[in-house]
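Working notes, beginning with the structure itself.
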Amino acid sequence: MAGAAETARKAERDDIRKRWLLSAPALLIIFFAAAGPLAIVVVYSFLEPGSYGDVRWTFSTDAWVSVILQRDIFDETLSIADAHVAIFWRSVLLSLATTVFAFLFGFPTAYFIATRPERTRALWLFLITIPFWTNLLIRTFAIQEVIRNEGLLNVALMKLGLISAPIQIIYTDTAIMIGMLYVYLPLMVLPLYASMEKLDFRLVEAGYDLYATRFQVLRRIILPMVKPGIVAGSILVFIPSLGAYVTPRILGGGRNLMLGNLIELQFGQGRNWPLGASLSITLLVIVMAALLIYIRYAGTGGRNHG
């Protein structure tokens, strides 16, 4: 019996060793491609900036202080960094607005697809995913051609006689939000559709049979049951919107900066790599907080309605 137990333990150890050996290439790739660069960014955030970019290997927390505060060049007193706070605020507001409008447009779209006959649903999903086949830069330029002063939207409104002069949309926060909404809308539609596809529409019919209004059916039956899809779609839209770079750069004209643009500016023209690194980690923390919220609420929704 003792020999059999020892043999079983040896076989288990060999199995564990084989699993680690098989996983080693993937673990090394994850470390060097993800954890390694992230560790470098963390280290850079605690160093001093070099004269022409790069860093000086002297420990300093000035970069972290500069995320929210700024030091007066004369008496070195600290005050709120208004520019950084404004960019943080703009980034969060635009990301939230994009998420809300993506839900307002994505929810009826997903509901429409989920209520189509099964033989046509694949076609509608195919049409939703077509924009992903095109490069993000090309899609952003396409939106620019629609909303610029001489673009499709203004020309159409002027020909219809609804406006007498072009509406200034381009190079505004509204233009950035429209661009991000167009780019990330499918990321809201697909999770919502995945939840609605599993929805038992007999419950909706039962609600109408019990004389519930459409709003009551929506609020008491549909929304609670598709809550995991709402949360997942909101996270999938909010996170990339928060770190967007291309869309604010093109549609904002370089004047309406968001977090991604501010980080690029520090690594480029600003030549302040530690500040850029600390801003990057700050953005990462915000994203992780959003993911934790998703895990908590999506998990709760899944247990309640699974």
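The values are calculated or read from the model by the stated rules, or taken from the named source; none is laboratory data. In this text the structure is predicted, and so the values were computed from the model without any measurement. When we count neighbours, we look across all protein chains shown, and the Cβ atoms used for this are built from the backbone with ideal geometry, even at glycine. Protein only, heavy atoms only, side chains kept; ligands, DNA and RNA dropped before computing areas. Shrake-Rupley method; radii C 1.70, N 1.55, O 1.52, S 1.80 Å.
I need the phi-derived Karplus couplings for region 176-181: 6.51 cos²θ - 1.76 cosθ + 1.60, θ = phi - 60°, integer Hz, Gly and Pro marked x.
Those phi angles translate into 4, 5, 4, x, 5, 4 Hz.
Select from Leu47, Leu203, Leu93 the residue whose mean-square fluctuation is largest in a Gaussian network model of the chain (Cα-Cα springs shorter than 10 Å).
Result for the chain, Cα springs under 10 Å: Leu203 fluctuates most.
On full extension of the chain, what length is gained from Trp133 through Asp62, given 0.36 nm per residue of separation minus the C-alpha to C-alpha distance?
Values: separation 71, 0.36 × 71 = 25.56 nm, distance 4.30 nm.
Contour length minus the Cα-Cα distance gives 21.3 nm.
What are the ³J(HN,Hα) couplings of region 217-226, residue after residue, when phi is run through the Karplus curve with 6.51, -1.76, 1.60 and θ = phi - 60°? Round to Hz, x for glycine and proline.
5, 5, 6, 9, 10, 6, 4, x, 7, 9
Taking the mean number of other Cβ atoms within 10 Å as a proxy for protection, how do you rank 31-44, 98-111 from highest to lowest? Let's see the in-between values first.
Working: 31-44: 12.6, 98-111: 19.9.
My ranking of the peptides, most packed first, is 98-111, 31-44.
Which order do the peptides 283-296, 141-154 come out in when sorted by mean C-beta neighbours inside 10 angstrom, highest first?
Details: 283-296: 13.7, 141-154: 16.2.
Averaged packing, sorted descending, gives the order 141-154, 283-296.
Go through Ile68, Pro117, Ala86 and say which Cα lies farthest out towards the positive end of the charge dipole of region 1-144; charges sit on Cβ, +1 for Lys and Arg, -1 for Asp and Glu.
Going by the charge dipole, the pick is Pro117.
So, for region 75-144, what is the accessible surface per residue at a probe of 1.4 Å, expressed in square angstrom?
Details: 4210 Å² over 70 residues.
Accessible area per residue, region 75-144: 60 Å².
What list of ³J(HN,Hα) couplings, whole Hz, do you get for region 107-117 from phi and the Karplus terms 6.51, -1.76, 1.60, once you set θ to phi - 60° and write x for glycine and proline?
These are the phi-based 3J(HN,Hα) values: 4, x, 5, 5, 5, 4, 5, 5, 9, 7, x Hz.
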